[in-house]
Each structure stands twice: as structure tokens, then as C-alpha cells.
1. Please tell me the relative contact order of the stretch 2-73 in percent, rounded to the nearest whole number, where contacts are Cα pairs under 8 Å and at least six residues apart.
2. Report the local net charge at residue 15: Lys and Arg +1, Asp and Glu -1, summed over other residues whose C-beta lies under 15 Å from its C-beta.
3. If you add up the charges near residue 29, with Lys and Arg at +1 and Asp and Glu at -1, over every other residue whose beta carbon is less than 13 angstrom from its beta carbon, what do you get?
4. For 20, 13, what's the fewest-to-most ordering of other Cβ within 10 Å of each Cβ?
5. Please report the Cα spread of the stretch 2-73 along all three principal axes, rounded to whole Å, starting with the longest.
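Each reported figure results from applying straightforward, stated rules to the coordinates on display, with no laboratory input. Predicted, not measured: the structure shown is a model, and the values here were computed from it. Here the Cβ positions follow ideal geometry from the backbone for every residue, glycine too, while neighbour counts run over all protein chains shown.
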Amino acid sequence: MRDRVVADDWLVSIDGNRYSVPFVLIGKTVQVVRVGGSWVIRHRGAVVAEHDVLAGRAQLSVRPEHGPGAAARNARQRYSAPRSSATRDPLREVEVRDLAVYERLIGTEVMGVAA
């Protein structure tokens, strides 16, 4: 039996892979036992999750019933994708204007010299 603390993403790490548990257990300690080809995860003696043992490492097993949006929230990209110019952040774009626009608005020349 192994004790694991449930992470903020409601996953527990076992042998280099991650497995989901109900989100209400975030921060709690659970007990993990291997039974045949499955991991049985208990909290205070009650079975809270069961997952097939994943082969390899860095694998993820998420059950949708473990939390709102669990599968989408825990989807991770292994490598970051280059940012496309088509996905611009409108809050970072700045309009470039000729300074004459401001001169006409305030009736003075740029650099504080009166017109």
C-alpha cells in the first residue's frame, strides 16, 4: 500500500503516471494498492477510484466523473506549439498614430511648444 496526497489537479502520481480521483479529495491523503492489472485508490477505507495500470511513464488516466471538466482541465501538451499569428491577443495590440493627430486635438505642437 502506498500513501499519496491528491494534487490540486485531483491527480495522484503512481510509478511515473497520473491517475484521477474525485476532486473533493484535493489535499487529502489516499491509499493506493495494486490489484492485478488495476490501481485501487481508497480514502478512509472506501474505494474512491479504480484505474487500469498504465504502461510506460508520463501517461494520464482521467475519469470524467471525478470532477467538473476533469478531462479538459488535465489535458497537457507535451511540447508547446509555436504561436500562430492568426491567434493574436487583442489586448496587446496597439494602434500606431501620427503625432499630428494629437497636435490637432490639443491645439499645440508636440514637445510642449505652443502653436
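1. Working: 130 pairs, mean separation 21.3, N = 72.
Relative contact order comes out at 30 percent.
2. Values: positive: 2, 4, 18, 34, 57; negative: 3, 52.
Computed value for this residue: +3.
3. Computed value for this residue: +4.
4. Arranged by neighbour count, lowest to highest, 20, 13 become 13, 20.
5. Between the extreme Cα coordinates on each principal axis of the stretch 2-73 lie 29, 27, 17 Å.
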